[in-house]
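J.: Could you have a look at this structure, given as structure tokens, before my questions?
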Amino acid sequence: MSTIRLLSAPEARAAIADLCDVLADCVNGGASVGFMQPYGPADAELYWQSVADSVETGATLLVVAEIEGKVVGTVQIGAAQMPNQPHRGDLKKLLVQRSARGKGLARLLMTAAEREASRRGKTLLVLDTATGSEAEAIYPRLGWQRVGVIPDYAMWPEGGLCDTTLFYKRTVAD
Ligand SMILES: CC(C)(COP(=O)(O)OP(=O)(O)OC[C@H]1O[C@@H](n2cnc3c(N)ncnc32)[C@H](O)[C@@H]1OP(=O)(O)O)[C@@H](O)C(=O)NCCC(=O)NCCS
């Protein structure tokens, strides 16, 4: 049985060890999410501490999926924008540990993140994802509109340039 919840800053800090495991597992599984291989859980600690700090200021919404009390998936909304874009949020780091995939957790995480963003007045969400990745196939199923491709945007974790595909979605108020 899975639980989806939005974390406070103290809850985010308490979950850092699990979040490190999830991120390291995804990078080692070949996901282009900002980091290069080799990448162990210890390498992820500073990153998750900065995310927890950002949760504290309200700049980031952090949603997690737990199974039996352990975090196995996560997604973030970057909520701090320039004054002329208060209605926009950046969806980031949708990650589900390999052993927990295919159970609908990404769909649940995305639904929860979109709802929380909408509640905060974020009527437009934007994301980018590696072109040709497993994730790219998922977003259209969740109602996201494909905008286009930027070539050579980032690198695969094992090396080599990868394109990125941009998506957006308008959220619906409750
Ligand atoms: C992308 C990812 C989050 C999907 O997680 P998941 O929990 O297995 O996804 P779900 O089970 O919720 O599936 C969501 C939908 O996508 C579909 N889907 C899942 N994996 C898919 C795949 N490899 N190819 C095509 N569709 C897929 C599912 O059928 C489901 O559709 P439905 O609800 O309409 O039936 C996971 O593969 C992952 O963490 N990948 C590595 C990290 C990454 O690349 N993140 C994206 C960063 S932008």
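The values are calculated or read from the model by the stated rules, or taken from the named source; none is laboratory data. Here the structure is a predicted model, which means the values were calculated and not measured. Positions of Cβ are backbone-derived with ideal geometry, glycine not excepted, and every protein chain shown enters the neighbour counts. When the accessible area is computed, the model is the full protein with side chains, heavy atoms only, and any ligands, DNA or RNA have been set aside. Shrake-Rupley method; radii C 1.70, N 1.55, O 1.52, S 1.80 Å.
J.: For the range 2-121, count the residues as N, evaluate 2.2 N^0.38 Å, and divide the Cα radius of gyration by that value, please. Could the numbers behind the result be given before it?
T.: Working: Rg = 13.7 Å, N = 120, 2.2 N^0.38 = 13.6 Å.
Computed over Cα atoms of the range 2-121, the ratio equals 1.01.
J.: Using only alpha carbon pairs under 8 Å that are at least six residues apart, calculate the relative contact order of the range 2-121 and give it in whole percent.
T.: On the way: 192 pairs, mean separation 33.4, N = 120.
It comes to 28 percent, rounded to a whole number.
J.: Note the full-extension length gain between Asp163 and Leu124 as 0.36 nm times their separation in residues minus their Cα-Cα distance, in nm to one decimal. Can you show the working numbers first?
T.: On the way: separation 39, 0.36 × 39 = 14.04 nm, distance 2.31 nm.
Full-extension gain reported as 11.7 nm.
J.: If you average the alpha carbon positions of the range 70-99 and of the range 31-66, how far apart do those two centres end up, in angstrom?
T.: 10
J.: Within straight cross-link reach of Lys70, meaning Cα distance under 24 Å, which lysines are found once same-chain residues fewer than 8 apart are removed?
T.: The reachable lysines, counting only those whose Cα sits under 24 Å from Lys70, are Lys92, Lys93, Lys103.
J.: May I pose another question? Charges on Cβ only, +1 for Lys and Arg, -1 for Asp and Glu, centred on the Cα centroid of the range 2-121; of Val63, Ala106, Val22, which one is farthest towards the dipole's positive end?
T.: Farthest towards the positive end: Ala106.
J.: Project the alpha carbons of the range 82-132 onto their principal axes and report the range along each, largest first, in whole Å.
T.: 41, 25, 13
J.: Would you kindly state how much longer the chain becomes between Ile150 and Lys103 on full extension, computed as 0.36 nm times their sequence separation minus their alpha carbon distance, in nm to one decimal? Please report the intermediate quantities before stating the final value.
T.: Values: separation 47, 0.36 × 47 = 16.92 nm, distance 3.06 nm.
Answer, rounded to one decimal: 13.9 nm.
J.: If I model a spin label as a point 7 Å beyond the Cα along the Cα-Cβ vector, how far apart are those points for Arg170 and Glu56 in nm?
T.: 3.8
J.: Given a 1.4 Å probe, how much area per residue of the range 71-174 is accessible, in Å²?
T.: Values: 5510 Å² over 104 residues.
I get 53 Å² per residue for the range 71-174.
J.: Ok, one more. Could you compute the net charge surrounding Pro41? Neighbours are other residues with a C-beta less than 9 Å from the C-beta of Pro41; K and R count +1, D and E count -1. All intermediate terms of the calculation are to be shown ahead of the outcome.
T.: Numbers: positive: none; negative: Asp21, Asp25, Asp43, Glu45.
Neighbourhood net charge equals -4.
J.: Here's another thing I want to ask about it. Would you mind checking which residues have amide H under 5 Å from Thr131's amide H? H placed 1.01 Å from N; only 5 or more apart, or other chain.
T.: For Thr131, the qualifying residues are Asp163, Thr164, Thr165.
J.: Next question, about the same structure. Can you work out the Karplus-derived ³J(HN,Hα) for every residue in the range 105-121? Use 6.51 cos²θ - 1.76 cosθ + 1.60 with θ = phi - 60°, whole Hz, and x for glycine or proline.
T.: Karplus-based 3J(HN,Hα) across the range 105-121 equals 5, 4, 4, 5, 5, 5, 4, 5, 5, 5, 5, 5, 5, 4, 4, 9, x Hz.
J.: Between Lys92, Lys70, Lys103, which gets the highest mean-square fluctuation from a Gaussian network model of the chain, Cα cutoff 10 Å?
T.: Lys103
J.: With only Lys, Arg, Asp and Glu charged, each at its Cβ (+1 for the first two, -1 for the last two), find how big the charge dipole of the chain is about the Cα centre; round to the nearest 20 debye. Numbers along the way, then the final one.
T.: Working: 18 positive and 20 negative charges, 157 e Å.
Approximately 760 debye in magnitude.
J.: Percent of accessible area on the chain owned by carbon and sulfur, 1.4 Å probe? Present the calculation step by step, with values, prior to reporting the outcome.
T.: On the way: 4730 of 8810 Å².
The C+S portion of the solvent-accessible surface of the chain is 54 percent.
J.: Then there is this: Would you mind calculating the relative contact order of the range 80-174 from Cα pairs under 8 angstrom and at least 6 residues apart, reporting the percent as a whole number?
T.: Working: 134 pairs, mean separation 27.9, N = 95.
29 percent.
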